[in-house]
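*Asks:* My structure is below; once you've seen it, I'll send some questions.
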Amino acid sequence: MTSDLALTVEGTVATLTVDRPAKRNAMTRAMWAAVPGLLTEVVDDVRVLLVTGAGPSFCAGADIGELLGGEDPADPMAGLRADNLAAQAALRAFPHPTIAVVRGHCIGGGVELAASCDLRFADDTAVFGVTPARIGVVYPPAPTRALVDLVGPATTKWLLFSGELLDAAAALRVGLVDELHPADRLEARVQEFAAVLSSRSALTQRATKETVTALTEGRDAEPAASRRFRETIASGELAEGVAAFADRRRPRFPWGGITPA
């Protein structure tokens with residue numbers, strides 16, 4: 001594991017921290033490459049994943065010094081791009097709810113990390129930008145699609161055409177941020193919401209992620225959803241939820257037991 005990424009677990013919540021504050025948490029190739037393995041380490045032990053940055057910034061993007069360091073002179077970014085895309089895919093595929101906790105700079109690769117999470121909570125210091133047009137990089141389809149799904153085609157084009165930055169209020173307005181809080185309130189709100197998510201049905205959450213992904217990708221969501229309908233009976237989750245409602249108590253949903261999609 002690279003020392004520039006920290007993974008901690010507290011109860012049902014894991015936190016992946018980009019820990020390179022001297023470089024505003026810019027991501028190296030080694031850091032991108034480490035992400036999938038780190039997520040695998042905690043997938044069976046937690047119910048929520050937080051992604052954040054050490055210090056005043058979330059992530060200022062990729063380490064520019066590595067962009068032209070690949071082996072193939074015709075495409076020196078090929079290896080870096082592969083590791084970057086694999087990290088984003090691993091975040092999107094994580095079966096539990098994921099929340100990007102954004103303070104300060106969230107630029108380029110930082111937006112890729114945040115957009116690969118299910119939700120984005122930010123404080124009022126957050127600044128967002130996607131800047132390939134500033135250095136002549138062709139932006140890959142996968143993160144472009146993630147932006148389109150979040151903010152729509154026009155705002156995606158505005159971000160990618162211009163490389164201009166959005167402050168936190170503008171990011172909230174266009175849908176890049178889901179909740180915006182004062183800097184002294186963000187951490188408490190994130191922990192509060194993580195506790196809410198941890199108390200809910202993991203099966204429902206997993207099925208929701210699968211259905212939303214299928215619908216946004218234009219695939220038939222019904223087969224996977226039908227299987228989850230049967231699973232909620234077999235696992236006892238539905239019975240527990242109904243019993244808890246009748247008894248006016250909090251449900252005690254089974255831990256884990258979710259079969260792969």
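*Asks:* If we scan the range 172-187, do we find a residue that is surrounded by 14 or more Cβ atoms within 10 Å (Cβ to Cβ), in contact with a Ser or Thr (Cβ under 7 Å, 6 or more places away or on another chain) and at negative phi?
*Replies:* There is at least one residue in the range 172-187 that is surrounded by 14 or more Cβ atoms within 10 Å (Cβ to Cβ), in contact with a Ser or Thr (Cβ under 7 Å, 6 or more places away or on another chain) and at negative phi.
*Asks:* Restricting to the range 1-55, count the residues that are closer than 23 Å to residue 200 by Cα and not β-branched (Val, Ile, Thr).
*Replies:* Going through the range 1-55 one residue at a time, the tally reaches 11.
*Asks:* With respect to residue 215, is the statement that it is closer than 18 Å to residue 117 by Cα, surrounded by 10 or more Cβ atoms within 10 Å (Cβ to Cβ), free of Cβ contacts under 8 Å to residues at least 24 places away in the same chain and not charged (D, E, K, R) true?
*Replies:* When the stated conditions are applied, residue 215 passes them.
*Asks:* So which of 170, 183 ends up being of a type in the set (A, V, I, L, M, F, W, C), at pLDDT 95 or above, over 19 Å from the mean Cα position of the chain (by Cα) and not in a helix (DSSP H, G or I)?
*Replies:* 183
*Asks:* Among (1) closer than 22 Å to residue 89 by Cβ; (2) crowded, with 18+ Cβ neighbours inside 10 Å, where does residue 119 come up short?
*Replies:* (2)
*Asks:* Still on this structure, please answer the following. Tell me the residue from 80, 38, 91, 50 that is aliphatic (A, V, I, L, M), in a strand (DSSP E or B) and assigned by TED's automatic domain parsing to the domain that holds residue 23, please. Walk me through how you get there before you give the answer.
*Replies:* Numbers: 80 fails: in a strand (DSSP E or B); 38 fails: in a strand (DSSP E or B); 91 fails: in a strand (DSSP E or B).
After applying the criteria, what remains is 50.
*Asks:* Could I ask something else about it? Could you list, ordered by first residue, the pairs with Cβ atoms under 6 Å in which the first is in the range 152-166 and in contact (Cβ under 8 Å) with a residue 40 or more places away in the chain and the second is small (Gly, Ala, Ser), at least 6 apart or interchain?
*Replies:* Sorted first by the residue in the range 152-166, then by its partner, the pairs are 165/129.
*Asks:* Follow-up question, since we're still on this one. Can you pull out every residue in the range 206-248 that is in contact with a Leu (Cβ under 7 Å, 6 or more places away or on another chain) and modelled with pLDDT of 90 or more?
*Replies:* Taking the range 206-248 and keeping what is in contact with a Leu (Cβ under 7 Å, 6 or more places away or on another chain), we get 221, 228, 231-232, 235, 237.
Within the range 206-248, just 221 meets the criteria.
The values are calculated or read from the model by the stated rules, or taken from the named source; none is laboratory data. Nothing here was measured: the structure is a model prediction, and the numbers come from that model. Using ideal geometry, Cβ is built from the backbone for each residue, glycine included, and neighbour counts are taken over all protein chains shown.
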